[in-house]
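As structure tokens, the structure follows; a few thoughts come after it.
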Ligand code: ATP
Ligand code: FE
């Protein structure tokens, strides 16, 4: 059985054909990041326009590379939630046209479920497992108990780590830095941090006295902004010029973000083992999302997993960010499990906001 997956929830237009066995037969991706970095952030109508301009080509290319024609597909799977309304609309409209034209079953996909399940395309990992999703729009700790069965342990109460790193990178004008040409904000910070001294600045990791698994990055961002303003004064430069201590700031920010993420994940490990949600002799931590490609954060999480007897798995970077493969794979998982495969698409809508699974964050907080 073959599934075509289509992704347009944010700023990437992706499509792929995946089979039952998890082989990727063909894939294509159009990335809008460059345009949005120039503009200083995603402008929804621009994202929508670019999805419209590229979706036909991307889907045709994925099908072409795979050598599969639409009539051969078992189903079409498409991201319908959560995401930018205008972006989701393009993928959904396009898919529904295909579905109706060829009378194919339709599988609506939750974007974060797809991120969480991607690992099963690459590695043999059984449910349940602990999953940490770190991206530009999300920060989630959950237990995946089944294809469509998640316990939400915690999430960011304000912004996501990728968003925060992008904002800090913008405030530091890293686009103008000679060593960071064309890099995403988080990537630029990682690059500069390698040769920076994190001891020069101390940014206290957020929520240290809270016993839950929630995250917060907005407060940390303002602490960093204050430090930047202070340094600009000391060095006698204006906003927009590059600080001489920029690498030290990058290293300290990256360290604080890593410590915060590690502390929350440790809490999630303790909670899920103690409450027998995960078994202590067979527990796995899966990490995905664009920020998971950060080697410093990843190493910290690897060490945390090792010391707590958790196996540690992370999909390859190209599958950690948005892509069509994960949507097609989620379609295969749902097809196999017989979950959410629609033969009638009447009333199907996109949903900009959609929680992942059952929220048990209060239980985590109350558990001692
Ligand atoms: P979502 O999937 O939540 O809708 P998104 O599509 O913006 O959000 P991704 O494509 O998964 O998220 O990730 C993009 C984010 O990852 C950006 O914020 C970027 O700065 C960050 N990022 C990329 N590389 C690195 C890195 N090496 N270190 C830290 N952050 C990084
Ligand atoms: Fe994503």
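Taking residue 195, is it touching a strand residue (DSSP E or B) at 6+ places or on another chain (Cβ under 9 Å) and at pLDDT 95 or above? No, not satisfied. Among the residues of the range 297-318, those identified as within 16 Å of ligand 1 (Cβ to nearest atom) and either in contact with a strand residue (DSSP E or B) (Cβ under 8 Å, 6 or more places away or on another chain) or farther than 28 Å from residue 9 by Cα (or both) are 297, 298, 299, 300, 301, 302, 314, 315.
Scan the range 97-151 for residues that are farther than 15 Å from residue 289 by Cα and within 11 Å of ligand 2 (Cβ to nearest atom) and jot them down. Hits for the range 97-151: nothing passes. Residues of the range 72-89 include at least one that is more than 28 Å from residue 183 (Cβ to Cβ), within 16 Å of ligand 2 (Cβ to nearest atom) and over 17 Å from the mean Cα position of the chain (by Cα). In the range 9-28, the residue that is nearest to the chain's Cα centre (by Cα) out of those that are under 15 Å from residue 318 (Cβ atoms) and within 11 Å of ligand 1 (Cβ to nearest atom) is 12.
For residue 277, the conditions (1) away from ligand 2 (no atom under 16 Å from the Cβ); (2) in contact with a helix residue (DSSP H, G or I) (Cβ under 6 Å, 6 or more places away or on another chain) all hold with the exception of (2).
Assess whether residue 251 counts as being at pLDDT 95 or above, more than 16 Å from ligand 2 (Cβ to nearest atom) and assigned to a helix (DSSP H, G or I). The answer is yes for residue 251. Against the definition (farther than 20 Å from residue 105 by Cα, at pLDDT below 95 and either away from ligand 2 (no atom under 16 Å from the Cβ) or crowded, with 20+ Cβ neighbours inside 10 Å (or both)), how does residue 41 come out, yes or no? Taking the combined requirement at face value, the residue satisfies it. For residue 357, the test of being at pLDDT 95 or above and closer than 22 Å to residue 12 by Cβ is failed. Considering the range 59-128, the qualifying helices (runs of 4 or more DSSP H), each wholly inside and each with 1 or more residues that are closer than 16 Å to residue 353 by Cα, run over 85-102, 111-117.
Tallying residues that are closer than 20 Å to residue 181 by Cα and either touching a residue at least 24 places away in the same chain (Cβ under 8 Å) or assigned to a helix (DSSP H, G or I) (or both) within the range 223-248 yields 9.
Listed here are the residues, each with its yes/no results for (1) over 30 Å from residue 360 (Cβ atoms); (2) assigned to a loop (DSSP other than H, G, I, E, B); (3) in contact (Cβ under 8 Å) with a residue 40 or more places away in the chain.
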{"site": "196", "(1), (2), (3)": "yes, yes, yes"}
{"site": "204", "(1), (2), (3)": "no, yes, yes"}
{"site": "211", "(1), (2), (3)": "no, yes, yes"}
{"site": "221", "(1), (2), (3)": "no, no, yes"}
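I'm trying to understand the selection: among the residues of the range 271-292, which are under 17 Å from residue 140 (Cβ atoms) and buried (at least 19 other Cβ atoms within 10 Å of the Cβ)? Within the range 271-292, 271, 272, 278, 284, 285, 286, 287, 288, 289, 290, 291, 292 meet the criteria. For the range 306-332, the set of residues classified as surrounded by 22 or more Cβ atoms within 10 Å (Cβ to Cβ) and in a helix (DSSP H, G or I) consists of 320, 324, 325, 326, 327, 328, 329, 330, 331, 332, listed by residue number.
The values are calculated or read from the model by the stated rules, or taken from the named source; none is laboratory data. This structure is a prediction, so every number in the text was calculated from the model and none was measured. Methodologically, a virtual Cβ is constructed for each residue, glycine included, from the backbone with ideal geometry; neighbour enumeration extends over all protein chains shown.
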